[in-house]
Amino acid sequence: ADTDSSSSIYESVPDSAALEKEKVSRFVTIMQGCENFCTYCVVPYVRGRERSRDAAAIVREIEILADQGVAEVTLLGQNVNSYGQKEGTTSFPGLLEMISAISGIKRIRFATSHPKDLSDELIHAVNDLEKVCPHVHLPVQSGSDRILKKMNRGYTTRRYIERVSELRRICGEIAISSDFIAGFPSETMDDFQKSLDLVREIEFDSIFAFSYSDRPNAPASKFSGHIDEQEKLDRLNALLKLQEYYTEKSNARLCGMTRQVLVEGKSSKTSLSEKGEPGRVQMTGRTGTNKIVHFYSEDTAVQGRIVEVGIEKAFPHSLWGSVKEFAYDEK
């Protein structure tokens with residue numbers, strides 16, 4: 001038996017436990033397994049080949065969630081872009097359209113997208129379907145074509161950059177986040193430098209980065225050229241430090257602007273450089289581009305609603321603002 005069902009660590013999917021209580025946002029699995037056989041991952045061996053759930057069953061599940069007051073769903077799969085392809089049924093853009101028609105659902109997110117399958121049809125769906133958030137998580141894993149080939153990723157950095165350019169051309173203000181692995185077997189300093197160069201070129205909104213670790217039975221565990229633990233950690237920290245600069249830059253750009261925020265609930269953080277005020281509660285939510293926004297509210301009943309928030313301050317990982325309009329809702 002495989003002891004490591006978190007083998008998809010390199011294609012990061014958020015932890016659903018954090019939001020279950022609040023019930024504003026829920027995760028919905030749309031497919032299982034994977035066909036991609038990336039050399040660092042054991043998902044195809046552990047969870048089997050790719051299988052897509054029936055579209056009608058997914059829609060029914062989300063209708064039930066909407067009736068319970070859920071306002072946002074995140075659709076999960078190892079590679080949502082290939083949803084339905086094997087079965088020759090509803091495509092992923094088609095599924096997004098079906099879910100968009102469910103009243104009560106205000107926002108739709110999805111993870112994870114594989115760059116090699118990011119179709120023009122999906123890019124247009126993200127732009128055209130109002131409820132689909134302008135945020136795509138597109139794991140690149142490395143900026144080096146040599147390493148991407150050893151990972152069996154099925155695209156080059158040039159192709160990846162072209163797909164991101166197309167997303168930005170069609171969708172305007174879209175957030176792009178990604179995953180990186182630092183210290184993949186045989187990664188040279190030159191290979192690693194190419195990952196840093198890619199971060200500079202694309203200016204991601206955020207990244208998840210991991211230092212490479214062997215997965216039992218994954219092909220890469222047998223590759224030569226394993227890298228020293230400390231060196232892997234140094235590379236990981238260099239990646240994260242560089243990205244922090246771009247995350248702050250992307251947040252700072254929003255200062256002085258108004259954004260629609262889906263309110264998730266009371267903020268777990270105590271007020272950010274603001275004095276607590278009697279009768280006012282600090283609430284938290286996210287923009288469509290997945291940026292966390294904290295603000296004060298006299299009314300905790302805004303949970304699950306979309307409000308207009310004027311952004312006043314940018315922090316490394318969140319924004320602070322004040323509510324312009326409470327009534328904004330029901331599209």
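The values are calculated or read from the model by the stated rules, or taken from the named source; none is laboratory data. All values reported here derive from a predicted model rather than from experimental measurement. Counting neighbours? That spans all protein chains shown, and the Cβs are built from the backbone with ideal geometry, glycine included. Keep in mind that these areas ignore ligands, DNA and RNA; they rest on the heavy atoms of the full protein, side chains included. Shrake-Rupley method; radii C 1.70, N 1.55, O 1.52, S 1.80 Å.
For this structure, a couple of remarks:
- Residue match in the range 80-93 (condition: within 16 Å of the chain's Cα centre (by Cα) and either crowded, with 22+ Cβ neighbours inside 10 Å or under 24 Å from Glu162 (Cα atoms) (or both)): yes
- Residues of the range 156-178 classified as modelled with pLDDT of 95 or more and surrounded by fewer than 19 Cβ atoms within 10 Å (Cβ to Cβ), total: 10
- Checking Arg146 against (1) open to solvent by 10 Å² or more (accessible area, probe 1.4 Å); (2) free of Cβ contacts under 8 Å to residues at least 60 places away in the same chain; (3) at positive phi, the condition it does not meet: (3)
- Residue that is surrounded by the fewest Cβ atoms within 10 Å (Cβ to Cβ), among those in the range 278-326 that are touching a Cys at 6+ places or on another chain (Cβ under 6 Å) and assigned to a strand (DSSP E or B): Ala314
- Exactly one residue among Ile174, Ile181 is touching a Lys or Arg at 6+ places or on another chain (Cβ under 8 Å), touching a residue at least 40 places away in the same chain (Cβ under 8 Å) and of a type outside the set (Asp, Glu), and that residue is Ile174.
- The condition (being within 26 Å of Cys41 (Cα to Cα) and surrounded by fewer than 21 Cβ atoms within 10 Å (Cβ to Cβ)) is satisfied by just one residue among Lys249, Lys241: Lys241.
Yes/no per residue for (1) over 30 Å from Pro185 (Cβ atoms); (2) open to solvent by 60 Å² or more (accessible area, probe 1.4 Å); (3) in contact (Cβ under 8 Å) with a residue 60 or more places away in the chain:
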| residue | (1), (2), (3) |
| --- | --- |
| Ile99 | yes, no, no |
| His114 | no, no, yes |
| Leu118 | no, no, no |
| Gln141 | no, no, yes |
| Arg153 | no, no, yes |
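- Applying a threshold of 7 Å to beta carbon distances and a minimum spacing of six or more residues, or different chains, the list of pairs starting in the range 30-53 at a residue that is open to solvent by less than 60 Å² (accessible area, probe 1.4 Å) and ending at one that is of a type in the set (Phe, Trp, Tyr) and assigned to a strand (DSSP E or B) is empty.
- Long-range neighbours under 6 Å by Cβ, at least six apart or interchain, first residue under 29 Å from Glu244 (Cβ atoms) and open to solvent by 60 Å² or more (accessible area, probe 1.4 Å) within the range 202-228, second among the acidic types (Asp, Glu) and modelled with pLDDT of 95 or more: Phe208/Asp179
- Matching residues in the range 1-46 - criterion: being more than 14 Å from Leu75 (Cα to Cα), touching a strand residue (DSSP E or B) at 6+ places or on another chain (Cβ under 7 Å), modelled with pLDDT of 90 or more and among the aromatic types (Phe, Trp, Tyr): Tyr40
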